[in-house]
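What follows is a single structure, written as structure tokens, with notes after it.
The values are calculated or read from the model by the stated rules, or taken from the named source; none is laboratory data. Computed from a predicted structure; not experimentally measured. No Cβ is skipped: glycine too gets one built from the backbone with ideal geometry, and neighbour counts run over all protein chains shown. Protein only, heavy atoms only, side chains kept; ligands, DNA and RNA dropped before computing areas. Shrake-Rupley method; radii C 1.70, N 1.55, O 1.52, S 1.80 Å.
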There are 2 protein chains.
Amino acid sequence: MSTEVIRWGILGAGIIAHKLASAVQQHDGSELLAVASRTPAKATEFAAEFGIDGSDYDTLLKRSDIDVVYVATTHNFHFDNARLALQHGKSVLLEKPFTVNAAQAQQLIDLAREQGVFLMEAIWTRFLPAQAQLKEQLDSGLVGDLRQLNINFGAFVPPHYETRLKDPNLAGGVTLDMGIYPLTFANFLLGERPVDVQSMAEFGATGVDEWANYLLRYPSGVMVNISTSCSLKMKPEALIYGSQGYVEFPEFQQGNRYVHHRHDGGNEVLASDTYELQRHDNGFVYQVEEVARCLAAGELESPVIPLAETLSMMQLMDSMRADWGFRYPFE
Amino acid sequence: MSTEVIRWGILGAGIIAHKLASAVQQHDGSELLAVASRTPAKATEFAAEFGIDGSDYDTLLKRSDIDVVYVATTHNFHFDNARLALQHGKSVLLEKPFTVNAAQAQQLIDLAREQGVFLMEAIWTRFLPAQAQLKEQLDSGLVGDLRQLNINFGAFVPPHYETRLKDPNLAGGVTLDMGIYPLTFANFLLGERPVDVQSMAEFGATGVDEWANYLLRYPSGVMVNISTSCSLKMKPEALIYGSQGYVEFPEFQQGNRYVHHRHDGGNEVLASDTYELQRHDNGFVYQVEEVARCLAAGELESPVIPLAETLSMMQLMDSMRADWGFRYPFE
């Protein structure tokens with residue numbers, strides 16, 4: 001692996017862009033060079049905050065000293081912005097949801113391959129230490145044969161997110177924004193993709209899905225049962241059931257603490273072990289590390305979130321929306 | 001209401017019959033007169049244990065001093081045994097699942113109405129004090145507008161139940177035996193019946209459903225998400241989510257303790273109140289009281305579990321089994 005420093009640019013100047021900028025600046029192998037926004041004042045302010053250059057998109061993308069561009073605009077712009085960056089020959093880290101639908105995702109994947117550049121969905125939770133350790137433990141038989149996952153992920157969306165998240169013109173809705181976390185968590189832990197999907201959603205006043213339930217069946221026979229909402233506080237919880245025990249992971253989405261209950265196939269819990277891992281305050285650091293590692297190694301996609309997996313996730317969400325008869329106005 | 005004593009007979013001499021017999025003997029307004037079994041030795045032993053008469057079915061049903069017959073045979077015999085009792089003009093308390101399918105249920109309901117006798121599904125959990133109090137509180141707005149219920153109900157079946165529960169010839173399977181509890185709990189709390197149902201099940205070596213997930217949508221827009229298994233220890237839990245708070249009821253099926261978390265529409269829990277109710281050790285006492293009350297009052301069905309509700313539950317389970325392509329050998 002090379003020791004070269006990876007030089008970053010960011011498209012978008014919102015809350016998530018701030019978090020990624022901070023993560024890049026905390027990573028030894030990365031350097032943040034520039035930000036771009038459609039709103040010049042926002043680019044200027046963001047640039048001043050991080051001591052970097054601020055500009056419009058074209059100016060940033062034409063710079064030859066930027067290796068990788070992080071796209072952190074609203075969902076509806078992911079496709080256009082990422083395509084523009086790829087067309088400029090930049091590697092791209094694209095905020096989740098990767099695109100609005102699978103057709104867009106396929107086009108970006110094709111374009112990245114044509115251009116021979118790196119492309120990755122910024123599904124940062126897959127890179128967190130607790131998630132990675134838990135997957136290793138499950139693969140080693142921590143709970144015996146896996147049988148079922150139950151995951152709740154719901155909260156009232158804070159006011160500064162609410163307008164965007166509930167706006168169909170911005171590709172809002174709980175599934176693309178929040179449901180994707182338990183879905184990717186399940187695929188990640190199981191190392192496979194669902195073959196049978198059922199789902200049910202309720203829609204709010206603005207016409208996007210605000211409450212949703214997903215049932216998934218995997219090739220191994222494991223079933224996954226997910227509840228999610230952007231308009232309801234739920235008890236945060238992932239329960240991972242196996243033949244010999246189960247794991248409780250209350251803050252599965254970004255937490256660093258989970259509990260393994262061993263029952264050896266009976267109804268009595270024989271032992272409970274708590275695992276608590278150190279984790280960087282800014283959870284984006286781990287995906288920044290992975291991007292830098294891939295670029296240094298010349299890898300065009302990450303084995304932790306391969307493009308085929310990203311495409312499959314978009315297809316899954318497409319199929320559920322189709323079942324609900326839910327299309328975005330611009331689709 | 002009359003003060004007459006209700007005189008009981010029991011068909012079946014298994015574990016559940018013992019529990020009901022004990023409940024009847026603990027109820028002041030009831031008297032247990034006789035038990036009947038297809039196996040004479042079991043009837044004799046049971047009769048000796050409770051100080052009552054033991055016989056075959058016909059002998060018991062021909063007695064004019066028995067008001068109500070509790071049917072506690074295996075699922076596959078519920079229909080035949082209950083029909084026989086109704087044909088003899090007896091009121092009937094029929095162990096859940098009421099029958100194997102809705103067609104059988106409809107026939108029994110029709111017969112009871114023709115005979116002018118009382119008939120009730122022995123879904124005893126609806127009569128427990130904690131369930132009744134919780135329903136009243138939810139109706140009074142304890143959690144604001146109800147939005148979603150998540151219920152887990154799974155355990156490894158004890159060996160003495162396992163053979164019966166996993167035998168398709170005895171109408172085994174997790175749905176008819178265990179899934180019915182969270183289903184009836186949801187219908188009971190919501191006071192309505194699902195209009196949209198999706199489900200997914202996995203089948204064990206004997207060919208019955210051993211793991212199942214149900215998604216239900218109710219006319220009010222509430223969604224209910226249930227996981228159940230007879231071959232997996234699950235964390236016992238009912239979570240009842242509303243706009244202003246949620247209730248955690250860990251042992252919803254027969255427990256007497258639940259916790260209300262108030263958040264007033266935000267993500268922070270502002271207060272948690274625990275409710276713990278006294279409850280008779282033998283939880284069947286409450287349904288015995290209800291049967292006695294109905295009979296004394298001349299009511300032919302219970303308002304807590306009306307026959308239309310019982311029929312609807314059988315139709316619901318029929319429809320899920322149809323979706324899975326699962327029929328019992330004798331159907």
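Scanning segment A:120-157 for residues that are among the acidic types (Asp, Glu) and away from every other protein chain (no Cβ under 12 Å), which turns out farthest from B:PHE156 (Cα to Cα)?
Ranking the candidates gives A:GLU121 first.
Restricting the search to segment B:281-304, which residues are out of contact with any strand residue (DSSP E or B) (no Cβ under 6 Å at 6 or more places or on another chain) and small (Gly, Ala, Ser)?
Selection gives B:GLY283, B:ALA296, B:ALA297, B:GLY298.
Could you check, for segment B:227-240, whether at least one of its residues is away from chain A (no Cβ under 14 Å), under 30 Å from A:GLY265 (Cβ atoms) and surrounded by 23 or more Cβ atoms within 10 Å (Cβ to Cβ)?
So far as segment B:227-240 goes, no, none of its residues is away from chain A (no Cβ under 14 Å), under 30 Å from A:GLY265 (Cβ atoms) and surrounded by 23 or more Cβ atoms within 10 Å (Cβ to Cβ).
Please work out which one of (1) more than 14 Å from the chain's Cα centre (by Cα); (2) in contact (Cβ under 8 Å) with a residue 24 or more places away in the chain is the condition A:SER140 fails and give its number.
The single condition A:SER140 does not satisfy is (2).
Only one residue in B:VAL247, B:VAL224, B:VAL197 is touching a residue at least 12 places away in the same chain (Cβ under 8 Å), more than 18 Å from A:ILE226 (Cα to Cα), more than 7 Å from every other protein chain (Cβ to nearest Cβ) and of a type in the set (A, V, I, L, M, F, W, C), so which one is that?
After applying the criteria, what remains is B:VAL247.
Search segment B:254-300 for residues being among the aromatic types (Phe, Trp, Tyr) and crowded, with 18+ Cβ neighbours inside 10 Å, and hand back the single one that is nearest to the other protein chains (Cβ to nearest Cβ).
Across segment B:254-300, the extreme among qualifying residues is B:TYR258.
What is the number of the single condition among (1) modelled with pLDDT of 95 or more; (2) closer than 17 Å to B:VAL224 by Cβ that A:THR184 does not meet?
Only one criterion in (1) modelled with pLDDT of 95 or more; (2) closer than 17 Å to B:VAL224 by Cβ is unmet by A:THR184, namely (2).
Out of B:THR184, B:THR206, B:THR163, which single residue is surrounded by fewer than 24 Cβ atoms within 10 Å (Cβ to Cβ), without any contact (Cβ under 8 Å) to a residue 12 or more places away in the chain and either touching a Lys or Arg at 6+ places or on another chain (Cβ under 9 Å) or more than 13 Å from chain A (Cβ to nearest Cβ) (or both)?
The unique qualifying residue is B:THR163.
Would you mention how many residues in segment B:143-160 are open to solvent by 50 Å² or more (accessible area, probe 1.4 Å) and touching a strand residue (DSSP E or B) at 6+ places or on another chain (Cβ under 9 Å)?
Residues flagged as open to solvent by 50 Å² or more (accessible area, probe 1.4 Å) and touching a strand residue (DSSP E or B) at 6+ places or on another chain (Cβ under 9 Å) within segment B:143-160 amount to 2.
Looking at segment A:74-99, which of the residues that are outside any helix (DSSP H, G or I) and open to solvent by 20 Å² or more (accessible area, probe 1.4 Å) is nearest to A:LEU307 (Cα to Cα)?
The residue in question is A:GLY89.
Please specify each residue of segment A:221-262 satisfying the condition of being of a type in the set (Ser, Thr, Tyr) and in contact with a Pro (Cβ under 9 Å, 6 or more places away or on another chain).
A:SER227, A:THR228, A:TYR258
Evaluate segment A:20-41: report whether one residue or more is part of a helix (DSSP H, G or I), surrounded by fewer than 19 Cβ atoms within 10 Å (Cβ to Cβ) and of a type in the set (D, E, K, R).
Within segment A:20-41 (the criterion being part of a helix (DSSP H, G or I), surrounded by fewer than 19 Cβ atoms within 10 Å (Cβ to Cβ) and of a type in the set (D, E, K, R)), the answer is no, since none of the residues qualifies.
Residues being open to solvent by less than 30 Å² (accessible area, probe 1.4 Å) and either under 16 Å from B:MET317 (Cβ atoms) or away from chain A (no Cβ under 11 Å) (or both): count how many of those fall in segment B:209-221.
So the answer is 8.
Taking A:THR74 and the conditions (1) touching a residue at least 60 places away in the same chain (Cβ under 8 Å); (2) out of contact with any Leu (no Cβ under 6 Å at 6 or more places or on another chain), which numbered condition does it fall short on, given that it satisfies the others?
Every condition holds for A:THR74 apart from (2).
Restricting attention to segment A:217-243, which residues are in contact with a strand residue (DSSP E or B) (Cβ under 8 Å, 6 or more places away or on another chain) and not in a strand (DSSP E or B)?
A:TYR218, A:SER220, A:GLY221, A:VAL222, A:CYS230, A:LEU232, A:LYS233, A:MET234, A:LYS235, A:PRO236, A:SER243
Residues of segment A:42-70 being over 16 Å from A:GLY89 (Cβ atoms), open to solvent by less than 60 Å² (accessible area, probe 1.4 Å) and assigned to a helix (DSSP H, G or I), which ones?
Hits for segment A:42-70 are A:ALA43, A:PHE46, A:ALA47, A:PHE50.
Taking B:ASP196 as meeting all but one of (1) within 19 Å of B:LYS135 (Cα to Cα); (2) surrounded by fewer than 17 Cβ atoms within 10 Å (Cβ to Cβ); (3) not small (Gly, Ala, Ser), write down the number of the exception.
(1)
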